[in-house]
Amino acid sequence: SDLWTESGGVEILPAPAGTTTQASATAVSPDGVVVAANSFQKSYRWTEGGGLELIAPAAGFTSRPTFAAMNWDGSLMVGAETTDAPFENQFRSLAVVWTAAQGTRTLEDVLVQDYGVDLHGWRLISATGVSWDGLTIAGFGLNPNSKYEAFRVVVPERSEEHTSELQSPCNLVC
């Protein structure tokens, strides 16, 4: 994959360690300093200062997540990951979220475990966009009637002083 900068022009991102194949870029932060990339069965996050960092799959998954978007500084990435485990309606992909603090997790797990959201039968298949601040995530999934539908999730900011306390309820809009 190539990265273009005003000062340096086109820069080729390095191949992941132990491979001879270049990674394919899948998303870039709006400020341009973080790139999400895939190479075969692995996912990476690239920064100028840190190079390629391997991104582990979500718990229970063996394949690599594919990230479609990230917030302004690349500290939160969203996308999808496929598993071999059977799901209802044969959909094996789930929307995922990555942060340095918690790694890759399914968006459903984040909403249910961290925010207490009742998904009312929704299956969130892929997260395809995220706002600059990381508080709004959009994508598509299966609604309770097993029909494809877009979703938008708005999560509250965590309190600076008490990181476990929520300032407002989480909102799933479909």
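What follows draws every value from the coordinates through simple rules; no lab data is involved. Bear in mind that the values here come from a model prediction, so they are computed numbers and not experimental data. Cβ coordinates were reconstructed from backbone atoms using ideal geometry, including for glycine residues, and neighbour counts include every protein chain displayed.
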Per-pair calculated FRET efficiency, R0 = 22 Å: Gln113 and Gln41 via Cβ, rounded to 0.05 = 0.25
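Rounded, prolate or oblate: which fits the range 23-160 when a ≥ b ≥ c are the square roots of the eigenvalues of the alpha-carbon gyration tensor, with rounded for a/c under 1.5 and prolate only if a/b beats b/c? Don't jump to the answer; show the numbers that get you there.
Details: a/c = 1.88, a/b = 1.32, b/c = 1.43.
Oblate, because a/c is 1.5 or more while a/b does not exceed b/c.
By how many nm would the segment from Asn143 to Glu48 lengthen if fully extended, with 0.36 nm per residue of separation less the alpha-carbon distance? Could the numbers behind the result be given before it?
Values: separation 95, 0.36 × 95 = 34.20 nm, distance 4.00 nm.
Fully extending the segment from Asn143 to Glu48 adds 30.2 nm.
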Label-point separation (nm) for Trp132 and Asp73, each offset 7 Å from Cα along Cα-to-Cβ?
-> 1.4 nm
